[in-house]
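Okay, handing you the structure first.
The values are calculated or read from the model by the stated rules, or taken from the named source; none is laboratory data. As the structure is a computational prediction, the values presented were derived from the model and not from experiment. Glycine also receives a Cβ, built like all others from the backbone with ideal geometry; neighbour counts cover every protein chain displayed. These accessible areas exclude ligands, DNA and RNA; they are computed on the full protein's heavy atoms, side chains included. Shrake-Rupley method; radii C 1.70, N 1.55, O 1.52, S 1.80 Å.
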Protein chains: 2
Amino acid sequence: MTKREDGKETRRRLLITACEVFAEKGYRKAKVADICIQAGVNVASVNYYFGSKQTLYKEAWQHVLENFQEPVLADTAGGSPQRRLRRHIQTLIQNFTAGGDIGLFSRLYLMEMVNPSGLMQDAWHEIIEPRRRELQDIIRGIAGPDVGELGIRFCELSIVNQCRMFVTIKNSDLEYMLDQPLKPDLIKRLADHIADFSLAGIRAVGTRRDGHPEAPAAGCGTSLAGDPPDP
Amino acid sequence: MTKREDGKETRRRLLITACEVFAEKGYRKAKVADICIQAGVNVASVNYYFGSKQTLYKEAWQHVLENFQEPVLADTAGGSPQRRLRRHIQTLIQNFTAGGDIGLFSRLYLMEMVNPSGLMQDAWHEIIEPRRRELQDIIRGIAGPDVGELGIRFCELSIVNQCRMFVTIKNSDLEYMLDQPLKPDLIKRLADHIADFSLAGIRAVGTRRDGHPEAPAAGCGTSLAGDPPDP
DNA sequence: ATTAATTTAAAACAGTCATTTGAATTTGAT
DNA sequence: ATCAAATTCAAATGACTGTTTTAAATTAAT
């Protein structure tokens, strides 16, 4: 009979705020209370409108995917592979280190990467694959045709993990290791270094004949990664 | 008057087991109950003998430092910088990936690195500094005299963060990215790759004139690192 | 004014763990 | 054998941290 519409507005505010808070803190650390307070609504609203924190998170992702997926792969398309590599690395690092101006999607993506909620596994691959492919193409362009698929992936790992230091190392530790404050200028120089370092690395992989003189035995793989996904 | 000695044995078992469990799970995830069960003693024993979980952890570290600090820097001393670099990387990765046979110290060290308890800050620097210096020396040997201190540290970061992928990326994700199971052989090849890649990277840094043609603006630094230390 | 949709504050609930307690047991000395 | 101190034990106690319910109060549309 009676159809009030004012609830929609609350729901909307909640969803939007959830995007922001989840993007800022990640699924695990974002508290329902945080979101509600920041949205200016009652704690009970989450369950009233979404049933649970989990579904709120999923809906937040969906909302961001539909409305905010800015072109992060962006303008990396033109120019020589070398230039593209440099730009790609810069973009990566920028996403990893940028302050408040970074897009919702990038941060949500990043937080999910750092410690996964385990709720996005379906969509996850579709999201990262285009990015991976682009970097792989760039690497292939530099390494040349003689490098096998595995070599490309090795290089991909080398590069991505250099960039990920901004995510996996605490800022204070990074400053300790570099013995100076992590100002934007320093980040820029580090990005440049990574580009140079990686360019040379890729080229070396491209020119190498296979087979190495020394290769002692290695241990067996054991998982040591971070926190388990939420239940 | 009465001096029972059987308590000493319990305390000893507790301490030893604590070393193992802390080494396996890290401070946060290791539960007092875990340790006690594994040691075959009552839960109350921890507080009876050590007062708290915190002091047990500190004593465990101390015990390991005194008795188990195997020479992890090991035999990296001899040979050309190139060979030393390769061996250093192999050792690092071996420590990061090895299974049950890895030393207590290495794993404890590793766990503290991955998510710090915040209880070891004093001893921490003294522990890692020798390792850092060794790698830096190797890098300097390869890069040559023209590379400044910052360049050396950049290279250090590049290398360490490539090796740290085994710690910062879940094993399953690594396998997904490489599209094959993470067998010891694959780890060995990846270690070789990292050595080659890095060697070329360092050399490139050594030969480069400073100044880069393209360098767009970068974002400002923002902490995105993992869990905060325990209270 | 009625009714269903919202909002609210407070409580309940669910987990996880470290730590305490107080009684029971063992030990070693007398 | 006996006594007291040292040790063990199972169970309880808290102390958190957060999500989800609840039931009553409020509001908007008819």
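Restricting to segment A:98-124, and then to whatever is small (Gly, Ala, Ser) and under 18 Å from B:THR168 (Cα atoms), can you tell me which residue is modelled with the highest pLDDT?
A:SER117
Hand me the list of helices (runs of 4 or more DSSP H) wholly inside segment B:93-210 holding 2 or more residues that are charged (D, E, K, R).
The helices (runs of 4 or more DSSP H) meeting that bar are B:104-114, B:121-143, B:149-163, B:171-178, B:184-207.
I need the full set of residues from segment B:181-197 which are more than 7 Å from chain A (Cβ to nearest Cβ) and crowded, with 20+ Cβ neighbours inside 10 Å, in order please.
Once the filter is applied, which keeps residues that are more than 7 Å from chain A (Cβ to nearest Cβ) and crowded, with 20+ Cβ neighbours inside 10 Å, segment B:181-197 yields only B:ALA195.
Sort out which residues of segment A:107-134 are open to solvent by less than 20 Å² (accessible area, probe 1.4 Å) and more than 11 Å from every other protein chain (Cβ to nearest Cβ), and write them in order of number.
A:LEU108, A:GLU112, A:SER117, A:MET120, A:ILE127
Further, regarding this structure: Would you mention how many residues in segment B:9-23 are more than 8 Å from B:ILE35 (Cα to Cα) and either touching a residue at least 12 places away in the same chain (Cβ under 8 Å) or away from DNA strand C (no atom under 13 Å from the Cβ) (or both)?
Residues in segment B:9-23 being more than 8 Å from B:ILE35 (Cα to Cα) and either touching a residue at least 12 places away in the same chain (Cβ under 8 Å) or away from DNA strand C (no atom under 13 Å from the Cβ) (or both): 10 in total.
If you scan segment B:1-40, which residues turn out to be touching a His at 6+ places or on another chain (Cβ under 9 Å) and away from DNA strand D (no atom under 13 Å from the Cβ)?
Answer for segment B:1-40, where residues must be touching a His at 6+ places or on another chain (Cβ under 9 Å) and away from DNA strand D (no atom under 13 Å from the Cβ): B:ILE16, B:ALA18, B:CYS19.
Turning to a different aspect of this structure: Can you find, within segment B:30-47, the residue that is nearest to the other protein chains (Cβ to nearest Cβ) among those that are more than 7 Å from DNA strand C (Cβ to nearest atom) and open to solvent by 20 Å² or more (accessible area, probe 1.4 Å)?
B:ASP34
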